[in-house]
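Read the figures in this text as sums done on the coordinates, not as results from a lab. Keep in mind that what you see is a predicted model, and the values were worked out from it rather than measured. With ideal geometry, Cβ positions are generated from the backbone for all residues, glycine too; neighbour counts draw on all protein chains shown.
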Amino acid sequence: MRTVGTEITEITPSRGVAADLAATATVLICTRLKLPISTTHTLVGAILGIGLARGLGGINRSVTNKIFGAWFVTVPAAAAVLCILLFLLGEFFFFDYLTAVCTK
């Protein structure tokens with residue numbers, strides 16, 4: 001929360017309201033369109049938009065690089081862990097059945 005609220009860009013009360021309104025509108029529109037959406041990603045995008053409204057110098061690039069790097073790594077890492085888990089469960093529960101079917 002500290003990263004989003006203070007480290008990406010300087011947030012004043014009016015900028016905070018604008019970011020909240022933008023994030024809320026985005027979530028409501030996407031929900032109405034039945035699109036999956038991450039509220040955290042939406043809020044970070046709104047905060048980045050507020051910072052970019054002041055120019056590229058208005059955002060802390062090292063913080064945004066860390067955020068985007070974490071987002072980039074999260075999905076493949078989660079998929080890999082899920083794949084490993086499903087494989088191990090399948091092997092544990094269905095190995096005897098598959099061995100019997102394959103040897104016939």
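Does A77 satisfy the criteria of being of a type outside the set (V, I, T), exposed (fewer than 14 other Cβ atoms within 10 Å of the Cβ) and assigned to a helix (DSSP H, G or I)? Considered against the rule, which asks whether it is of a type outside the set (V, I, T), exposed (fewer than 14 other Cβ atoms within 10 Å of the Cβ) and assigned to a helix (DSSP H, G or I), A77 comes out as yes.
Only one of G16, G69 is within 18 Å of the chain's Cα centre (by Cα), of a type in the set (G, A, S) and assigned to a helix (DSSP H, G or I); which? Before you say what the answer is, go through the steps one by one.
Numbers: G16 fails: within 18 Å of the chain's Cα centre (by Cα).
It is G69.
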